[in-house]
Amino acid sequence: MSPAVVAMVTGRAGFDEFVVARSGALLRTAYLLTRDRHLAEDLVQTALAKAWSARRRIVGDPEPYVRRIMVNEFASGRRRKWRGEQPTAEPPDTHRPPDEPDPDLWHALANLPRRQRAVVVLRFFDDLTEAETARTLGVSVGTVKSQTARALAKLRVDPLLEVD
């Protein structure tokens, strides 16, 4: 993101530019966390709404702040569930992002605890460093390292990922 956007994110135009520039990457992260396109869109929308409310407190690049909101909302599991689904004869949009992981890896990730899954997504799918991941999650680098190690240990012994 351009330095002008970072400097002007407190204004509506700057925030709008940030949303346009980074919403695709944020949606990808949310999708990898939730495994559902519609829940991912809701998660991004919630995070952006909260970031908009706090925009005057955001110093520098707003993306880590928004990612932290997303991960916290996802990990808390407190997200309000909408119960207004209506059955239809045809299935809804089944669009799958092109960068969705292999189905076996997908299921193995789903078996991880939410915080471990968040660390794996941020570190290996979003390619953040340990320090960036720690900043995003609001934890120490040591916590990121230990959560990564635990997650990778679980993935190594997951029968879905056994290599023949």
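Go through region 47-57 and give me each residue that's in contact (Cβ under 8 Å) with a residue 12 or more places away in the chain and under 19 Å from the mean Cα position of the chain (by Cα). So that I can check it myself, show each step before the final result.
To start, the set of residues in region 47-57 that are in contact (Cβ under 8 Å) with a residue 12 or more places away in the chain comprises 47-48, 50-52, 55-56.
Listed by number, the residues that qualify are Ala47, Leu48, Lys50, Ala51, Trp52.
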Hits in region 15-69 - residues which are over 29 Å from Leu105 (Cα atoms) and in contact with a Pro (Cβ under 7 Å, 6 or more places away or on another chain): Phe18, Ala51
Residues that are more than 14 Å from the chain's Cα centre (by Cα) and within 14 Å of Trp106 (Cα to Cα), drawn from region 119-151: Ala151
Residue list for region 59-68, restricted to those being over 16 Å from Tyr31 (Cβ atoms) and assigned to a helix (DSSP H, G or I): Glu63, Pro64, Tyr65, Arg68
Inter-residue pairs, beta-carbon under 7 Å, first closer than 23 Å to Arg115 by Cβ and in region 18-45, second surrounded by fewer than 15 Cβ atoms within 10 Å (Cβ to Cβ) and among the small types (Gly, Ala, Ser), 6+ apart: Arg35/Ala110
Matching residues in region 33-68 - criterion: being among the hydrophobic types (A, V, I, L, M, F, W, C) and crowded, with 22+ Cβ neighbours inside 10 Å: Leu33, Ala40, Leu43, Val44, Ala47, Ala51, Val66
Residue under evaluation Arg96, criteria (1) under 22 Å from Ser23 (Cα atoms); (2) modelled with pLDDT of 90 or more, criterion not met: (2)
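The values are calculated or read from the model by the stated rules, or taken from the named source; none is laboratory data. Since the model is a prediction, treat every value here as computed from it, not as a measurement. Cβ coordinates were reconstructed from backbone atoms using ideal geometry, including for glycine residues, and neighbour counts include every protein chain displayed.
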